[in-house]
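Reviewing the structure listed below.
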Amino acid sequence: MTTTVEQLTPRTRRNSELGLLVLAIGIVLLAWVTTDLNRNGTVPANIIPIAGGFTVLVLSVHVVLRWKAAYADPVLLPIATVLNGLGLVMIHRLDLARGKLGTDGDAYRQIIWTTLGVALAIAVIIALRDHRLLRRYTYVSMAVGFVLLLLPLVPGLGQTINGSQIWISLGPLNFQPGEFAKIALAIFFAGYLVQTRDVLSLAGKRVLGFTFPRGRDLGPILVAWLLAVLILVFQKDLGTALLFFGLFVAMLYVATERVSWIAIGLLLFGVAVFFALSAFTHFQKRVDLWLDPFSPQNLERSNQLANGLWGMASGGLTGTGLGAGRPWLTSFAESDFIFSSLGEELGLFGSVAILVLYLIFCERGVRTALGVRDGFGKLLAIGLTFSVAFQLFIVIGGVTRVIPLTGLTTPFMSLGGSSLLANWVIVALLLRISDQARRPMPEIPVGVASDDPSPAEVTQVVRMS
Amino acid sequence: MSELTLTLLRLGLLALLWIFIFSVVAVLRTDLYGTSVSRRGQRKAAKRQAKEQRKAARAPQPVAVAAGGAGGAAAGVAAAGAGAPAAVSAPVADGAPAPRWGRGRSKGTPTTLVVTEGPLTGTTLPLRSGGLLIGRNPECALVLDDDYASGRHCRIYPDPTNRGGWVVEDLGSTNGTFIGRDKLTSARPVEIGTTLRIGKTVLELRG
């Protein structure tokens with residue numbers, strides 16, 4: 001067996017990105033026009049400003065990438081564009097069905113949030129020249145993350161919506177701080193694990209082929225578990241708890257290569273869920289709804305899961321066509337159930353296409369993590385990617401009855417400002433890290449070798465500007 | 001709006017969505033970066049060896065004796081002593097049968113680095129003007145999976161004083177880099193046939 005190792009120097013691929021973006025914008029506009037044709041029989045009058053605005057928005061990110069991060073991954077931005085655009089179209093379509101037009105509509109708010117999200121992404125790309133700068137804020141982001149997570153529990157600020165206390169209200173705005181806590185905690189876990197992973201992975205006893213950690217190294221995972229249990233008990237939100245604990249366990253596993261962490265994590269989480277199931281009726285109801293959504297008493301209690309399933313079934317292979325189905329019959333059709341709304345109107349082909357887009361998005365995140373050279377960047381990229389993937393699993397798994405339904409937003413698609421802003425920040429961070437990953441390595445200077453005390457240690461100076 | 005138009009729009013949207021996915025995948029297919037490690041099976045190597053032998057027979061002067069054939073690295077070691085350009089590291093991607101290098105350079109200039117012992121046996125790397133970093137860090141050109149190697153163990157770069165020559169230098173490694181039995185203390189020039197030992201790994205320079 002012969003092996004050849006070669007360095008491959010990538011092209012920037014910004015032109016491919018431009019081509020894909022044009023296609024992406026085309027898809028979104030076609031979807032928008034189809035919706036209006038199906039509902040009203042006319043091409044909407046406001047298509048020109050909407051199309052123009054959307055194009056300007058997306059192309060400005062593209063231009064900023066050319067300017068600031070020329071080697072960034074070429075497919076992340078087009079995929080985010082299509083997903084965000086399809087979400088917008090579906091929200092607009094539900095607005096039409098409910099007669100909420102113009103500035104009353106959810107779509108209007110969502111367009112504003114999209115604009116803000118894209119602006120925030122551009123700001124992150126410009127302001128953050130190197131993702132390694134974030135490592136300095138490891139413990140700051142820990143504090144920020146924990147505060148954001150526990151903020152909904154503050155009396156007067158937190159709000160209970162649909163049985164879960166994961167919202168805060170600031171004046172007229174409802175906010176889900178958990179979405180931002182996700183990013184802050186991913187930064188903290190990455191910074192923390194890159195420091196401690198040697199201790200966590202080397203010491204330990206081998207039992208049954210697994211290397212189990214020492215008792216005193218269990219501290220961090222127990223703290224994370226305690227936090228998840230707190231969320232579970234006080235915010236009554238299984239989805240958020242699962243997301244954070246899962247994020248921590250996944251990053252721990254990636255950092256240490258120890259399968260035993262996953263076993264320990266699953267065990268701990270199983271204990272917590274068992275406890276929650278026996279103690280809270282809220283969870284018992286959800287599990288009951290999950291196991292048997294079509295029983296008469298469950299339909300009476302909540303028919304959204306059943307309606308979503310019927311909606312997807314009526315879509316069939318190719319769907320009813322955007323604007324021709326009845327997705328508004330499901331409650332929360334524009335947020336938690338946006339996937340089943342799209343499944344109904346785009347059919348199996350469309351919903352699988354959406355899932356494949358998410359899959360490629362996450363694949364690029366993992367590829368970025370593999371490609372980037374510093375440990376912090378690797379862990380951060382994996383953490384961000386995993387949070388998107390896991391959140392998607394929790395919400396789409398819930399909608400399609402793989403796991404009990406818990407309210408989380410579908411990344412990029414669901415109605416909701418905090419989710420959209422947070423996900424655009426994730427895109428910006430991944431673009432920044434992938435720029436580092438794909439950029440050709442600076443060559444080691446030649447000729448100063450033997451005299452200079454440390455010629456090969458060419459450290460890159462990271463300067464705060 | 002006629003039913004037909006609406007159906008066409010509906011299917012057209014789905015088609016466009018999938019066209020988008022396939023173009024994304026097409027972009028990804030050509031978007032390779034980082035280090036690529038390509039393994040070649042013995043059959044492929046044997047096939048190339050046969051091809052090269054035929055070519056050598058046809059050529060007026062048999063310059064290139066194809067090496068690195070069926071026996072993999074072992075055969076490569078045996079043949080390379082003769083100073084023939086070893087074909088072990090001919091790039092797989094462009095499928096060129098003849099070695100790319102070794103032509104138009106003075107005799108005795110190494111062009112490739114071959115791992116002859118250790119976990120990575122059989123790995124070859126072309127020497128390039130930017131220099132090669134060897135060690136356990138993933139940023140190195142040759143990433144050693146060897147407990148006795150340091151993160152940045154040593155490097156090989158073009159000799160600044162002697163055009164065409166190459167120099168190896170230890171980067172303050174814990175367990176040292178050896179040429180034969182001598183531990184490297186300063187940068188030393190290397191030539192074809194020089195063997196470097198790093199932990200359990202032995203590297204050889206080939207023409």
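The order of the peptides A:88-94, A:383-389 by mean Cβ neighbours within 10 Å, most packed first, is A:88-94, A:383-389. Comparing A:L77, A:L227, A:I125 along the charge dipole axis of chain A, the residue lying farthest to the positive side is A:L227, per the Cβ-charge model.
Taking the dipole about the Cα centre of region B:112-206, with the C-beta of Lys and Arg at +1 and of Asp and Glu at -1, give me whichever of B:L184, B:T121, B:T174 is farthest to the positive side. Value: B:L184. Neighbour counts of other Cβ atoms within 10 Å put A:T35, A:T240, B:T30 in the fewest-to-most order B:T30, A:T35, A:T240.
Note down the relative contact order for region B:112-206 as a percent, whole number, built from C-alpha pairs under 8 angstrom at least six residues apart.
Taking the mean separation of contacting Cα pairs over the length of region B:112-206, I get 27 percent.
Computed on chain A, with alpha-carbon pairs under 8 angstrom and 6+ residues apart, the relative contact order is 21 percent. For the pair region A:278-334 / region A:39-98, the C-alpha centres are spaced 29 Å from each other.
By its C-alpha gyration tensor, with a ≥ b ≥ c as the square roots of the eigenvalues, how is chain A shaped: rounded for a/c under 1.5, else prolate for a/b larger than b/c, else oblate? Don't skip to the answer; put the middle values down first.
Values: a/c = 1.91, a/b = 1.22, b/c = 1.57.
Oblate.
Using R₀ = 22 Å, calculate the FRET efficiency as 1/(1 + (r/R₀)^6) where r is the Cβ-Cβ separation of A:V199 and A:V147; round to 0.05.
Details: r = 27 Å, r/R0 = 1.24.
Plugging the Cβ-Cβ distance into 1/(1 + (r/R0)^6) gives 0.20.
By the count of other C-beta atoms within 10 Å, a proxy for reagent exposure, B:R136, B:R163 are ordered fewest to most as B:R163, B:R136. Going from the fewest other Cβ atoms within 10 Å to the most, the residues A:E345, A:E300, A:E363 appear in the order A:E300, A:E363, A:E345. Please name which of A:S340, A:G350, A:V372 has its Cα lying farthest along the dipole of region A:323-393 towards the positive end, using unit charges on Cβ (Lys, Arg +1; Asp, Glu -1) and the Cα centre as origin. Toward the positive end, the furthest listed residue is A:V372.
How high is the relative contact order of region A:336-385, in percent, with contacts defined as C-alpha pairs under 8 Å that are six or more residues apart? Could the numbers behind the result be given before it?
Values: 24 pairs, mean separation 12.3, N = 50.
Value for region A:336-385: 25 percent.
Comparing Cα centroids, region A:356-402 and region B:103-163 end up 35 angstrom apart. Shielding of A:316-325 by partners, i.e. mean partner chain Cβ atoms within 10 Å per residue? Taking the mean over all residues of the peptide, I get 3.
Values in this text are rule-based calculations from the coordinates and carry no lab data. On a predicted model such as this, the values are computed, not experimentally measured, just so you know. Every residue, glycine as well, gets a Cβ built from its backbone with ideal geometry; the counts of neighbours run over all protein chains shown.
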